[in-house]
Amino acid sequence: MSLPALGPVPDVRADWDTLADSAADLRTGSGKAWDALQDAKGSWAGLRTGYRHDGTSERVWAGLDLLERPAEDWAGALSSAQDAIDDFVTTGEPLQRRRETLEDARPRLAADCSSALASGDESEIARVRGDIIAFNDRIADLARAWGSAQDTFVAAVRSISGGTTEGLAVVGAPRVETGALDWAAMTSGLDTTFGALDPRTLWRDLRGLSGEELRDWLEANPEAARALAENAFPRHPVPGSAEDVMARAMAGDAPLTRDGITGIREAWLGLQEHERERLMLLFPGVIGTLDGVPLATRGAANQVTVAGLREQTAERLAEHRAHRPPHAPGNAYERSQWEDEEARLETVLDGLTQAWDAYGRPPFPEDQRTPGYTTLFVSAEGLGQIVTMRGEPSAATERAVTFVPGTTSTIASVDRHNDALDAMDGHDPGGTVSIYWQGTDLPQELIRDNATPHFNEQGAPSLAAFDHAADLEMSSTRVRDVATTYVAHSAGGSLLGTAEREGLDSTNIVYVAPAGTGHELSSPDDTQNPSAHRYLIQTNDDPISAAQLLGGGAHGGSFWEGSDPVRQMGAVRLESGFMGNGETVMGGHSDYFDPRSTSARNIEGVVYGTEVRPYLQPEIHTIIGSPYPYIEYPLEADADHYREEGIPSVPVEETR
């Protein structure tokens, strides 16, 4: 016995998103020719009363009258083309879904056919024969519907007429060469000329541009950059579209979990290259901040985001200043609130300007200039948040270093802290990826803001999520693990420790005068990173020691035990030593990242696994007749000796 053959499923497919975008472009463009003509006539009408010239004014009006009918016809032609495409998309998308359903059913039906023939059961064979006939009928119906849809579309397009130059006078004068066209500035001010900017049209201007060309375009079109940066991801994307794929991957708390971030990365890499480019340019404020998207892609997308937020913040600041409350009795509180908001907007604008300028600087300068960097995350909320990167993960990457700053850091600290990162990352463009992470609000008031674990708990999940994404990308570029080092200063130290509790892991942890080990952390076993090599750098007179002693409830395991990275976390203390000039003994809380200082070189030694200078232990002397011992610090007591002989160093391996 035999069964009918399964027919081939017709190849019903098209890039419906692109077609829909094209229809939207036509919808926008259909009125542009007519509107531009009316603008020209309106402008000339304004001049007509004050300017009269027999040789030109009547010619202008005659020329504008000649253009009126073709302009109207052209607008009508574009509108007809838009209707034809919209109708084709409306008809074709359901047909493609029918094709996908048939393709999914075909393997199962083929298996049923083989099983029925092998069984020899006539009733089973008859059932399968009926299924095959019904399947082939559905194929035939789909083929007819698809053919009809294409024929209807072709006929609709061919029927479009009008908008040609027929009947217009031919211009015989030679074209005058005016030099190179400033293409980047051509669209500047389009929101004034043509109304609200449509991101679905704008992103097309950016396809295929180099980083420098993109920067030129964004510089010339800040209002367009803002429209793109503010463009929100669709709430109900077309099923099966690239937006739908990413929306499903991003759903819920996926951007904060290891499995979710893995799913986001797989979904992104599963898209076609042109789809990734479209989403990156159309939704830069979403894609540029999404953990799981490759870091280099985020850096490229956020050049648009930074430019757009900069324009947004500048406009908001100007509007805010236009409503300055007057000095008046009883108006002090309102005036104070206004001044606080002005200062906040100024801070955010300063940071965004720094981030924008960084895209135009070399990431590894040969002199002492602040290095350039790309932005991996940016927000204008509060005092601003930002994450930056120098270098890119690749097969050549051997190590990564991430710096987490402390109290008083805002988005406007980004250049200063990238200078600090530059002092400790070894200036290795090929082998080292250097990241600055301030992707959360940080304490601004030394006592009040650090009195609770609020900032630690708020930022730790985001820092852990970023670490998951970075680790995932680093591991995918090499056959061996990339050595990672986290360096955290002040309040950043307890934030980092809290993130370790949430899942952050790293080869090395360097505490630089930390506020504590992390909220609810009393030992490495309280983290998900117990095997990390840990180090502490802190001057002998750093006032942070008081916070470590008294702030354990917010920054450590408990109030009663305080917070001590050496005692609790097993950290090896390294010497803070001398400032970069080699003469001044380092003191206080803020100079640890002075270029070529002992502390900066110690951090670099940990990052590269070379050598470090252990802490010079103090000598405790008992004074006869006094209940208090005398503590002598070798570096302060004999600074000249260590300036001449150097502070003893050991291989990093000996500290582990």
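Checking each residue in segment 334-354 for being modelled with pLDDT of 95 or more and among the polar types (S, T, N, Q) picks out Thr347, Thr353, Gln354. Exactly one residue out of Gly351, Gly360 is out of contact with any Asp or Glu (no Cβ under 8 Å at 6 or more places or on another chain) and more than 16 Å from Gln438 (Cβ to Cβ): that is Gly360. Per the listing Glu100, Glu72, Glu93, Glu124, the residue uniquely part of a helix (DSSP H, G or I), modelled with pLDDT of 85 or more, surrounded by fewer than 17 Cβ atoms within 10 Å (Cβ to Cβ) and in contact with a Gly (Cβ under 9 Å, 6 or more places away or on another chain) is Glu100. Here the condition is being in contact with a helix residue (DSSP H, G or I) (Cβ under 9 Å, 6 or more places away or on another chain) and of a type outside the set (Ser, Thr, Tyr); of Ala332, Ala328, it holds for Ala328 alone.
The set of residues from segment 375-419 being under 15 Å from the mean Cα position of the chain (by Cα) and part of a helix (DSSP H, G or I) comprises just one member, Ile411. Taking the criterion of being crowded, with 16+ Cβ neighbours inside 10 Å and farther than 11 Å from Gly7 by Cβ, the residues of segment 127-137 that qualify are Val128, Arg129, Asp131. For segment 420-447, the set of residues classified as among the charged types (D, E, K, R), part of a loop (DSSP other than H, G, I, E, B) and more than 19 Å from Ala380 (Cα to Cα) consists of Asp425, Asp428, Glu445, listed by residue number. Is there a residue being in a helix (DSSP H, G or I) and of a type in the set (Asp, Glu) anywhere in segment 448-459? Yes, segment 448-459 contains at least one residue that is in a helix (DSSP H, G or I) and of a type in the set (Asp, Glu). Take the conditions among the hydrophobic types (A, V, I, L, M, F, W, C), crowded, with 18+ Cβ neighbours inside 10 Å and over 20 Å from Leu496 (Cα atoms) and apply them to Met569. Does it pass? Answer is no for this residue.
From the list Gly308, Gly351, Gly372, Gly285, which one is crowded, with 17+ Cβ neighbours inside 10 Å, in contact with a helix residue (DSSP H, G or I) (Cβ under 7 Å, 6 or more places away or on another chain) and assigned to a loop (DSSP other than H, G, I, E, B)? Being crowded, with 17+ Cβ neighbours inside 10 Å, in contact with a helix residue (DSSP H, G or I) (Cβ under 7 Å, 6 or more places away or on another chain) and assigned to a loop (DSSP other than H, G, I, E, B) holds for just one of Gly308, Gly351, Gly372, Gly285, which is Gly372.
Any residue at all in segment 644-654 that's closer than 26 Å to Pro405 by Cα and either surrounded by 12 or more Cβ atoms within 10 Å (Cβ to Cβ) or in contact (Cβ under 8 Å) with a residue 60 or more places away in the chain (or both)? Within segment 644-654, one or more residues are closer than 26 Å to Pro405 by Cα and either surrounded by 12 or more Cβ atoms within 10 Å (Cβ to Cβ) or in contact (Cβ under 8 Å) with a residue 60 or more places away in the chain (or both).
Only one entry of Arg278, Arg324, Arg335, Arg265 meets the criterion of being outside any helix (DSSP H, G or I), charged (D, E, K, R) and either in the same structural domain as Ala224 (by TED's automatic domain parsing) or in contact with a Phe, Trp or Tyr (Cβ under 6 Å, 6 or more places away or on another chain) (or both), and that entry is Arg324. For segment 563-575, check the following and say yes or no: at least one residue is of a type outside the set (A, V, I, L, M), in contact with a Pro (Cβ under 6 Å, 6 or more places away or on another chain) and closer than 30 Å to Gly426 by Cα. No; the residues of segment 563-575 include none that is of a type outside the set (A, V, I, L, M), in contact with a Pro (Cβ under 6 Å, 6 or more places away or on another chain) and closer than 30 Å to Gly426 by Cα. Just the residues that are modelled with pLDDT of 95 or more and buried (at least 20 other Cβ atoms within 10 Å of the Cβ), please, taken from segment 232-249. Those that are modelled with pLDDT of 95 or more and buried (at least 20 other Cβ atoms within 10 Å of the Cβ): Met246, Ala249. Scanning segment 425-454 for residues that are at pLDDT 90 or above and either surrounded by fewer than 16 Cβ atoms within 10 Å (Cβ to Cβ) or among the aromatic types (Phe, Trp, Tyr) (or both) gives Gly431, Tyr436, Trp437. Within segment 305-333, the set of residues being modelled with pLDDT under 90 and among the small types (Gly, Ala, Ser) comprises Ala328, Gly330, Ala332. Pairs meeting the criteria (first residue in segment 541-565 and more than 18 Å from Thr498 (Cβ to Cβ) and surrounded by 21 or more Cβ atoms within 10 Å (Cβ to Cβ), second residue modelled with pLDDT of 75 or more and small (Gly, Ala, Ser), beta carbons under 9 Å, at least 6 apart or on different chains) are Asp542/Ala513; Asp542/Ser576; Asp542/Gly587; Asp542/Gly588. Close Cβ contacts (under 8 Å, 6 or more residues apart or on different chains) running from residues in segment 618-643 that are within 30 Å of Asn581 (Cβ to Cβ) and in the same structural domain as Phe578 (by TED's automatic domain parsing) to residues that are of a type in the set (Gly, Ala, Ser) and part of a loop (DSSP other than H, G, I, E, B) comprise Leu635/Gly577; Tyr642/Gly577; Arg643/Gly582. For segment 349-356, indicate whether the set of residues that are assigned by TED's automatic domain parsing to the domain that holds Leu504 and either over 20 Å from the mean Cα position of the chain (by Cα) or closer than 23 Å to Arg215 by Cα (or both) is non-empty. Taking every residue of segment 349-356 in turn, none turns out to be assigned by TED's automatic domain parsing to the domain that holds Leu504 and either over 20 Å from the mean Cα position of the chain (by Cα) or closer than 23 Å to Arg215 by Cα (or both).
The values are calculated or read from the model by the stated rules, or taken from the named source; none is laboratory data. This structure is a prediction, so every number in the text was calculated from the model and none was measured. In this analysis, Cβ positions are derived from the backbone assuming ideal geometry, glycine residues included, and neighbour counts consider all displayed protein chains.
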